[in-house]
Structure formats: C-alpha cells, structure tokens
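The values are calculated or read from the model by the stated rules, or taken from the named source; none is laboratory data. Every value quoted in this text rests on a predicted model; they were computed, and no experiment measured them. Methodologically, a virtual Cβ is constructed for each residue, glycine included, from the backbone with ideal geometry; neighbour enumeration extends over all protein chains shown.
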Ligand code: 13P
C-alpha cells in the first residue's frame with residue numbers, strides 16, 4: 001500500500017484511530033485513578049481486551065501503540081501488531097520522547113526524540129508499524145504560546161515527518177493546543193491558526209509529501225475554565241473554518257484528539273463537524289481518553305469480565321464511527337443501557 005492509501009485507510013469513513021499509546025508514566029496515572037496497579041501485565045491485559053474486541057474490525061482503522069506494547073505478545077501467542085492487523089486495523093507507534101521544558105522559556109514545552117530516530121524507525125517498521133505519531137503541545141496563557149515555542153515545535157514535527165516518510169511510514173502530525181485555561185474560543189481559533197500555519201510552512205520546507213500524512217489537531221474550543229461556553233454548532237463551524245483556511249487540501253485525513261472533552265462531547269462535536277463538512281478531508285477521531293475512559297472503569301471493577309469491558313468499548317467505538325459519518329445522535333447513546 002502507498003502512504004496515501006494507508007493514510008486513507010486509517011481515516012476511512014465510519015472508522016477512526018484508537019490512541020492507546022500512553023507512556024508508562026501516563027498509563028500508571030490512568031490505572032491508579034481506577035485503583036489498579038500498573039505493571040507490564042496489567043497494561044497489556046487492558047489493552048489486549050480492547051484489541052480483541054469486535055469494534056476493531058468495524059470502527060478502528062488504526063491503533064497507536066507505545067514502544068512497550070509494540071513488542072508484546074497477546075495471550076494467544078501472536079504479536080500485538082499482528083493481532084491488530086488480523087483484525088483489519090493498522091498498527092502504529094508513538095515515536096516522540098515526550099514534551100520537555102523549552103530552554104529559554106519558563107513554562108513552555110518542546111517535544112524531544114529526534115536523535116537516533118532514523119534507526120528507531122527502521123526497527124519499528126520491522127516490528128510491523130505502518131504509521132507513527134509525534135505530539136507537540138502548546139499552552140495558552142498571557143504570553144504564550146511564544147513564537148519560539150511555535151517555531152521550534154513546528155521544526156521538530158517537520159523533521160520527524162520527513163524521517164518517517166523516508167522509512168516508508170505515514171506520520172501523524174499532532175500539534176495540540178491545550179484546553180487548559182480561561183481563554184475564549186476565539187483565542188483558541190487564533191492560536192491554532194498560527195500553530196497550523198507554522199507547521200505546514202515547515203512541512204513544506206522539509207519536503208514532506210502531505211498526501212502521505214494525517215493531521216491530528218485539537219478542536220476549536222473555549223478553555224476549560226472559560227465562563228462563556230460554546231454550543232456544538234459554534235464549535236463545529238469554527239473548527240471546520242480553521243481547518244479549511246490552514247490545512248492544505250492535499251492532506252487526506254484529519255483525526256482529532258479528544259484533549260479532555262468527555263466521551264459524549266467528543267462524539268457530539270465530531271458528529272457536528274461531519275454534518276457540515278463540505279471539504280474532501282476525511283474527518284474522524286484519534287481519541288485516547290474519549291474512547292477508553294468508560295471501558296477502563298468497567299475493567300477496573302472486574303478485570304476478568306472481558307465481554308462486559310468489550311461491550312462498553314464496542315459502544316464507544318461505534319458511536320465515534322457514526323460521528324465520523326455525521327450519523328450519530330444522542331438517542332443512540334441509550335443503546336448501551338438497553
Ligand atoms: P486524548 O484523546 O486523550 O487527548 O489523547 C489523544 C492523544 O493521543 C494525545 O497525544
């Protein structure tokens with residue numbers, strides 16, 4: 001398959017991406033929050049329960065894994081990437097080394113991981129990864145994101161993406177403008193515009209073939225502490241407008257992160273965006289928390305009750321699959337209760 005075909009399959013209508021690439025530290029936090037000890041085995045158990053679910057074949061076009069999981073074997077002996085491929089989904093890998101304090105700025109972050117990346121990519125490819133992810137983060141505050149932060153992260157994202165295409169994989173480019181803060185939706189729109197513009201300037205400079213990439217952006221939302229809430233119509237309109245103005249039309253797929261929205265908010269907003277989508281972009285989800293939260297809670301109550309956990313995950317994946325086609329409705333959420 002060409003890179004463009006892989007990108008399109010990851011984001012195909014009715015399907016999206018499961019972001020199960022939490023680092024060991026983040027996974028520890030998630031497991032601790034539901035009272036489960038984080039060990040190599042518990043991390044694998046939970047993730048494998050999702051990867052074995054019925055939802056994978058129908059609604060999950062790709063799974064982003066963490067280094068540890070890419071190397072693990074499922075309980076029936078096959079490797080995790082093979083299990084995902086067998087379920088008609090595409091395995092991918094997070095390759096950045098996390099966001100660290102940006103020197104010269106007190107509070108902003110730069111994503112690290114370029115050193116030795118070419119060699120790591122060759123290994124990941126051999127282990128079965130067909131795509132990769134790199135996440136840059138930008139916080140909104142009085143004096144940030146600074147030009148320094150926007151430029152340095154865009155540069156790193158572009159160098160990453162160029163190396164990934166050289167290794168014959170699809171780079172997911174993830175510039176995440178964080179929801180934290182009391183800024184309004186217009187500020188999020190402006191900051192995301194600046195961030196996306198700089199990213200595409202750098203991607204072009206580094207000769208990245210945009211047809212073989214997927215963008216993973218934030219939706220345009222008011223800050224989580226903002227007093228003025230926005231409805232789904234406003235969020236969808238501003239998000240689509242921002243993408244139309246700042247993302248080159250050659251990009252085949254756009255898969256949103258959930259970024260702290262609740263499961264229902266993330267499905268509702270994605271659905272609304274697709275209802276008014278008049279572009280050729282395949283617009284879908286690449287959710288972590290908004291796909292796994294309820295399943296994780298259910299699992300923590302009885303880790304042996306695989307079918308119940310899978311039922312909860314199947315429902316969430318189905319709802320988001322419908323949202324990627326603009327076919328979701330609040331009523332369908334009741335299905336799980338029935
Ligand atoms: P959330 O959907 O939980 O924001 O995670 C997506 C992701 O992969 C962040 O890098």
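Among the residues of the range 184-218, which ones are in a loop (DSSP other than H, G, I, E, B) and surrounded by 21 or more Cβ atoms within 10 Å (Cβ to Cβ)? Please lay out each step first, then the result.
Taking the range 184-218 as the starting set, the residues that turn out to be in a loop (DSSP other than H, G, I, E, B) are 184, 206-209, 213, 216-218.
Answer for the range 184-218, where residues must be in a loop (DSSP other than H, G, I, E, B) and surrounded by 21 or more Cβ atoms within 10 Å (Cβ to Cβ): 208, 213, 216, 217, 218.
For the range 244-257, which residues satisfy the criterion of being away from the ligand (no atom under 16 Å from the Cβ) and farther than 12 Å from residue 194 by Cα? Show your work before the answer.
Initial filter on the range 244-257 (away from the ligand (no atom under 16 Å from the Cβ)): 244-252.
Answer for the range 244-257, where residues must be away from the ligand (no atom under 16 Å from the Cβ) and farther than 12 Å from residue 194 by Cα: 244, 248, 249, 250, 251, 252.
Please tell me if residue 166 is farther than 15 Å from residue 109 by Cβ, touching a residue at least 40 places away in the same chain (Cβ under 8 Å) and surrounded by fewer than 19 Cβ atoms within 10 Å (Cβ to Cβ).
Numbers: farther than 15 Å from residue 109 by Cβ: yes; touching a residue at least 40 places away in the same chain (Cβ under 8 Å): yes; surrounded by fewer than 19 Cβ atoms within 10 Å (Cβ to Cβ): yes.
Against the criterion (farther than 15 Å from residue 109 by Cβ, touching a residue at least 40 places away in the same chain (Cβ under 8 Å) and surrounded by fewer than 19 Cβ atoms within 10 Å (Cβ to Cβ)), residue 166 qualifies.
Those residues that are more than 15 Å from residue 33 (Cα to Cα), free of Cβ contacts under 8 Å to residues at least 40 places away in the same chain and either more than 16 Å from the chain's Cα centre (by Cα) or more than 10 Å from the ligand (Cβ to nearest atom) (or both), I need them from the range 262-301; list them, please.
Quick first cut of the range 262-301, residues more than 15 Å from residue 33 (Cα to Cα) only: 262-288, 290-291.
Next, only the ones that are free of Cβ contacts under 8 Å to residues at least 40 places away in the same chain stay: 262, 265, 278-281, 290.
Hits for the range 262-301 are 262, 265, 278, 279, 280, 281.
Count, please, the residues in the range 2-25 that happen to be without any contact (Cβ under 8 Å) to a residue 40 or more places away in the chain and under 30 Å from residue 251 (Cα atoms).
As a first pass, look at the range 2-25 and keep what is without any contact (Cβ under 8 Å) to a residue 40 or more places away in the chain: 5, 25.
Next, only the ones that are under 30 Å from residue 251 (Cα atoms) stay: 5.
The total comes to 1.
If we keep just the residues of the range 26-46 that are closer than 18 Å to residue 316 by Cβ and in contact (Cβ under 8 Å) with a residue 40 or more places away in the chain, which is surrounded by the most Cβ atoms within 10 Å (Cβ to Cβ)? If you could, list the steps in order and put the result at the bottom.
The first filter runs over the range 26-46 and keeps only residues closer than 18 Å to residue 316 by Cβ, leaving 30, 33-34, 46.
Next, only the ones that are in contact (Cβ under 8 Å) with a residue 40 or more places away in the chain stay: 30, 34, 46.
Working: 30: 19, 34: 14, 46: 24.
Looking at residues that are closer than 18 Å to residue 316 by Cβ and in contact (Cβ under 8 Å) with a residue 40 or more places away in the chain, I get 46.
Looking at the range 147-162 only, could you name the residues that are more than 16 Å from the ligand (Cβ to nearest atom) and either at pLDDT below 95 or over 30 Å from residue 184 (Cα atoms) (or both)? Before the answer, list the steps.
Let us first name the residues in the range 147-162 that are more than 16 Å from the ligand (Cβ to nearest atom), namely 147-152, 154-155, 158-159, 162.
Residues satisfying the conditions are 159, 162.
Taking the range 219-234 as the region of interest, how many residues are within 16 Å of the ligand (Cβ to nearest atom) and either free of Cβ contacts under 8 Å to residues at least 40 places away in the same chain or crowded, with 23+ Cβ neighbours inside 10 Å (or both)? Full working, then the answer.
First, the residues of the range 219-234 that are within 16 Å of the ligand (Cβ to nearest atom): 219-221, 223-224.
After this cut, where a residue has to be either free of Cβ contacts under 8 Å to residues at least 40 places away in the same chain or crowded, with 23+ Cβ neighbours inside 10 Å (or both) as well, the list is 219-221.
Result for the range 219-234: 3.
Starting from residues that are over 20 Å from residue 168 (Cα atoms) and surrounded by 18 or more Cβ atoms within 10 Å (Cβ to Cβ), keep the ones in the range 103-131 and report whichever is nearest to the chain's Cα centre (by Cα). Break it down stepwise before answering.
Of the residues in the range 103-131, the ones over 20 Å from residue 168 (Cα atoms) are 103-112.
Still in the list and also surrounded by 18 or more Cβ atoms within 10 Å (Cβ to Cβ): 108-111.
Working: 108: 21, 109: 19, 110: 18, 111: 16 Å.
Looking at residues that are over 20 Å from residue 168 (Cα atoms) and surrounded by 18 or more Cβ atoms within 10 Å (Cβ to Cβ), I get 111.
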